[in-house]
1. Which lysines does Lys186 reach when only Cα atoms under 18 Å apart count, and residues fewer than 8 places away in its own chain are ignored?
2. Please give every one of the lysines within straight-line cross-link reach of Lys438, meaning a C-alpha to C-alpha distance under 20 Å, and leave out same-chain neighbours fewer than 8 residues apart.
3. Taking 31 Å as the cut-off for C-alpha to C-alpha distance, list the pairs among Lys197/Lys386; Lys88/Lys148; Lys198/Lys386; Lys22/Lys469 that go past it.
4. Quick one: net charge of Arg325's neighbours, Cβ under 11 Å, K/R +1, D/E -1?
5. Which are the unpartnered cysteines of the chain, meaning those with no other cysteine Cβ under 4.7 Å from their Cβ?
6. Determine the relative contact order of the chain: mean sequence separation of Cα pairs under 8 Å and six or more apart, normalised by residue count, in whole percent.
7. Check which residues have an amide H placed less than 5 Å from Gly315's amide H, if you skip close sequence neighbours.
8. Around Leu93, under 13 Å between beta carbons, what's the net of Lys plus Arg minus Asp minus Glu among the other residues?
Amino acid sequence: MKVLFTHGYFLADDPKEQRIMKPYPPLGLLYLSAWLDLTGIENEVFDTTFSSKQLLQQHLLKNPPRVLALYTNLMTKLNILQLIRFVKSKPELEKTLIVLGGPDVTHNLVDYLQEGADVIVIGEGEQTMEDVARAAIQTSDNHQFVQKLEHVSGIAYKTADGSVHKTATREKIRDIDALPFPNRHKIDLHAYLTAWKKAHGKSAISISTQRGCPYTCRWCSTAVYGQSYRRRSPQNVVDEIVFLQTNFDFDLIWFVDDVFTVSHKWLQEFHDELKCRAVEVRFECITRADRLNPEVIKILKSSGCFRVWIGAESGSQRIIDAMDRRVEVGQVRNMIRAANLEGIETGTFIMLGYPGETQQDILETVAHLKAANPDLFTITVAYPIKGTGLYEEVENSVVASLPWSQRTDRDLDFKRTYPRKYYDFAVRYTVNAVLWHKARIKGEWLRFKSLVLLPKIWLARLGMGWFMKF
């Protein structure tokens, strides 16, 4: 085998995701695989989601690839490092070159190369992966391979003397309609659809319509596609939907784009294309309140949107401004309500523990969630991803309890307003206070399931008060 793509995420090792049970295929790898097919380079995808480390290792030993291409992010970093060590320890795999790409490698390339990676792909991967694969296939000696790399844009690698060399930046693909559809036939897509159907009664499939994000939120990583905005044509997207509906049996679409309604013109054309071709879909997507208005919400509904996630991150305007979100908290509330009135389910994202956030800001966030009353909400405690504005802001106070090779950026902490333990209680308080509010407005507050929220709220506030003292 010339090239083997894999990603090192194992659902069986992730109890939290097993409870959620909403797995999606590794679209990035499937795009790379399809591109190599298009350019005539033999490749295979080993999808680890429903597999195991042992089966992956056995596959590698039985079918040693010339190039092992690994998608790497925060969730898979430690598994990827373990896999690199395995490959480098096996004589049977001494000619296998390890190529890493994904959001975690760009700002940690020296560390990954020191851990044994041969090449780091920086940014968008299709054309770079093609060049790296051709260089590997054309050489049997790894020294000759390194010599060929100096002409490949968008990579980093170790030279013969052990120093790290970073080549020129790769130009982004401007016309992303030129990309082939992801190679879904190279994985067991039915395993994903079955898992969804069994857990939720409906199956879902993921589609990407854009690359990059034009916004500047300080906590968000743009390591792969950069702060750009490139969109597939509505016709091309509907072509993919028709292809998927013809070849697979699924109920819902999840558009993975950062801001689905960033272009109102595109959205209207997408809507019109669906109607013109009599294509019916049900989908959910993510967007921003400042890219919504009553007319856009109606277009979403008419297009088949059943759920929209509207980013807020905080109910405190002061914190939203510190994040450089460039949105008004009142506008977020209004758009959540407007979407609900139009019959679209709503979800929102909340982040606690941002630098400078006080308890008053958290209480404003709770009040915001009660007033907006989204159907769903998720809460995370802020953590600094290397390469982001947030990381640069707190870098001097970052605390890492483990060495780089044993932790991810999620394990990093920094000097916050209150001790880290405070935010565990703050999350509990926020969740239970909002759920209690929902029970009250539904008239369900006397149910046992609702009444047990009251002591949880009280204990959470007690914990917040206790850790504020430290």
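Each reported figure results from applying straightforward, stated rules to the coordinates on display, with no laboratory input. Keep in mind that what you see is a predicted model, and the values were worked out from it rather than measured. Glycine also receives a Cβ, built like all others from the backbone with ideal geometry; neighbour counts cover every protein chain displayed.
1. Result set, ordered by chain and number: Lys2.
2. Here the lysines satisfying the reach criterion relative to Lys438 are Lys370, Lys449, Lys456.
3. Details: Lys197/Lys386 37 Å; Lys88/Lys148 22 Å; Lys198/Lys386 37 Å; Lys22/Lys469 40 Å.
Checking Cα-Cα distances, Lys197/Lys386; Lys198/Lys386; Lys22/Lys469 exceed 31 Å.
4. Working: positive: Arg218, Arg288, Arg326; negative: Asp290, Glu313, Asp321, Asp324, Glu328.
Summing Lys/Arg as +1 and Asp/Glu as -1 gives -2.
5. If one checks each Cβ against the other cysteines of the chain, Cys213, Cys276, Cys285, Cys305 turn up with nothing under 4.7 Å.
6. Values: 815 pairs, mean separation 50.3, N = 470.
Averaging sequence separation for qualifying contacts and normalising by length gives 11 percent for the chain.
7. Those lying under 5 Å, H to H, from Gly315 are Thr365.
8. Numbers: positive: Lys62, Arg66, Arg85, Lys88, Lys90, Lys95; negative: Glu92, Glu94, Asp118.
After counting each charged neighbour, the total is +3.
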